[in-house]
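Okay, so here's the structure we're looking at.
The values are calculated or read from the model by the stated rules, or taken from the named source; none is laboratory data. The structure displayed is predicted, hence computed values, not measured ones. All Cβ positions, even for glycine, are placed from backbone atoms using ideal geometry, and neighbour counts span all protein chains on display. Calculation scope for accessible area: heavy atoms of the full protein, side chains included, ligands and nucleic acids excluded. Shrake-Rupley method; radii C 1.70, N 1.55, O 1.52, S 1.80 Å.
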There are 2 protein chains.
Amino acid sequence: MSELTEYERRLREAGLRLTEPRRVILRILDEAADHPDATEIFQRAVKKDARISLATVYRTLKMLEETGVVERHAFEGGPARFEQADGEHHDHLIDVETGDVIEFTSPRIEELQKAIAEELGYEIVDHRLELYGRKIR
Amino acid sequence: MSELTEYERRLREAGLRLTEPRRVILRILDEAADHPDATEIFQRAVKKDARISLATVYRTLKMLEETGVVERHAFEGGPARFEQADGEHHDHLIDVETGDVIEFTSPRIEELQKAIAEELGYEIVDHRLELYGRKIR
DNA sequence: ATCTATGCAAAACATTTGCACCACC
DNA sequence: GGTGGTGCAAATGTTTTGCATAGAT
């Protein structure tokens, strides 16, 4: 009666061990409604299992990123922030006052990006679009 | 017969002193065809004036950024890179193989960004679009 | 003469890593 | 039981900062 989540299954398939720290971190990311940084994830992890170390958080996040389970975002000034990968690509609007992150997508912009890159003789392997804004009223 | 450049004049107007380190750093940025990071700027500066310190490079870059004379870019993984502000806004395509940076503009994308932000109830104060690509052929 | 800018060295951060021990498969 | 993962602490890389002095206005 093992209750493996989809993400735990993906680690198994990648030949990686399913340890307690990893389970805890995966759960935190799954529960997170925001885009926490490594320190925040560490703080939340310690509440669930006091023995987890910050080094493991970093190692696990890097591993999960390589496995495609989480995405790393380096927003302006400040540490990298993480979110569970949901398959769908999206971009971010960051509230400069609160730090809140709003997700959005724009197929039109994606198309234009591709066209621009091609015109310059490049094929896009990754891209990043971030809007920094202030709430109106 | 003072030969003040436009940028030196802007510092004067901002009530800032025009020192030798600042003159050197401004000249380096003016001569730079690439987007150097603080360490690279420091290395180039030392060749022109051996007494310049890395701390001053950082302090000067921050000051120049606040004055609007240079722009700071934090590309994926790696230190911040700088370029002289030319007034015109542009985005970047980074060659993932060589690290080369190609500048481009897209008024259409800018418009779409503004529309998206407005729809979400935000006014854009800044934005960042980076394409990471590989040269075709 | 005043007051800002600098150099130096130390500190602050974010992140990575070496090593001995632990625990998953 | 073997190997990969973890904790700890030290190292790394980038950027900032305190303090006494030098230098621009």
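Some points to look at:
- Near pairs, Cβ below 8 angstrom, 6+ apart or cross-chain, from the range B:110-137 (more than 7 Å from chain A (Cβ to nearest Cβ)) to any residue that is not small (Gly, Ala, Ser): B:Glu110/B:His89; B:Lys114/B:Ile124; B:Glu118/A:Ile136
- Pairs are defined by a Cβ separation below 6 Å, a sequence spacing of at least 6 or placement on different chains, a first member in the range B:61-77 that is more than 21 Å from B:Val24 (Cα to Cα), and a second member that is more than 9 Å from DNA strand D (Cβ to nearest atom) and assigned to a strand (DSSP E or B); the pairs so defined are B:Phe75/B:Ile94.
- All positions within the range B:21-42 that are open to solvent by less than 60 Å² (accessible area, probe 1.4 Å) and among the charged types (D, E, K, R): B:Arg22, B:Asp37
- Restricted to the range B:58-87, and to residues there that are at the interface with chain A (Cβ under 10 Å from one of its Cβ atoms), open to solvent by 70 Å² or more (accessible area, probe 1.4 Å) and outside any strand (DSSP E or B), the residue that is farthest from DNA strand C (Cβ to nearest atom) is B:Glu76.
- Tallying residues that are within 30 Å of B:Glu76 (Cβ to Cβ) and without any contact (Cβ under 8 Å) to a residue 24 or more places away in the chain within the range B:1-45 yields 8.
- Residues (over 18 Å from A:Gln113 (Cα atoms) and surrounded by 19 or more Cβ atoms within 10 Å (Cβ to Cβ)) located in the range B:118-137: B:Tyr122
- Within the range A:31-57, the set of residues being in contact with a strand residue (DSSP E or B) (Cβ under 8 Å, 6 or more places away or on another chain), away from DNA strand C (no atom under 13 Å from the Cβ) and of a type in the set (Val, Ile, Thr) is empty.
- Condition met for A:Ala45 (among the small types (Gly, Ala, Ser), in a helix (DSSP H, G or I) and open to solvent by 30 Å² or more (accessible area, probe 1.4 Å)): no
- Residue in the range A:40-51 that is at pLDDT 95 or above and either under 27 Å from B:Val125 (Cβ atoms) or outside the structural domain of A:Gly15 (by TED's automatic domain parsing) (or both) present: yes
- Condition met for A:His92 (assigned to a strand (DSSP E or B), within 14 Å of the chain's Cα centre (by Cα) and either away from DNA strand C (no atom under 15 Å from the Cβ) or among the aromatic types (Phe, Trp, Tyr) (or both)): yes
- Hits in the range A:1-20 - residues which are closer than 17 Å to A:Glu83 by Cα, surrounded by 11 or more Cβ atoms within 10 Å (Cβ to Cβ) and of a type outside the set (A, V, I, L, M, F, W, C): A:Thr5, A:Tyr7, A:Glu8, A:Arg10
- Some residue of the range A:88-105 being open to solvent by 80 Å² or more (accessible area, probe 1.4 Å), within 16 Å of B:Glu130 (Cα to Cα) and at the interface with chain B (Cβ under 7 Å from one of its Cβ atoms): no
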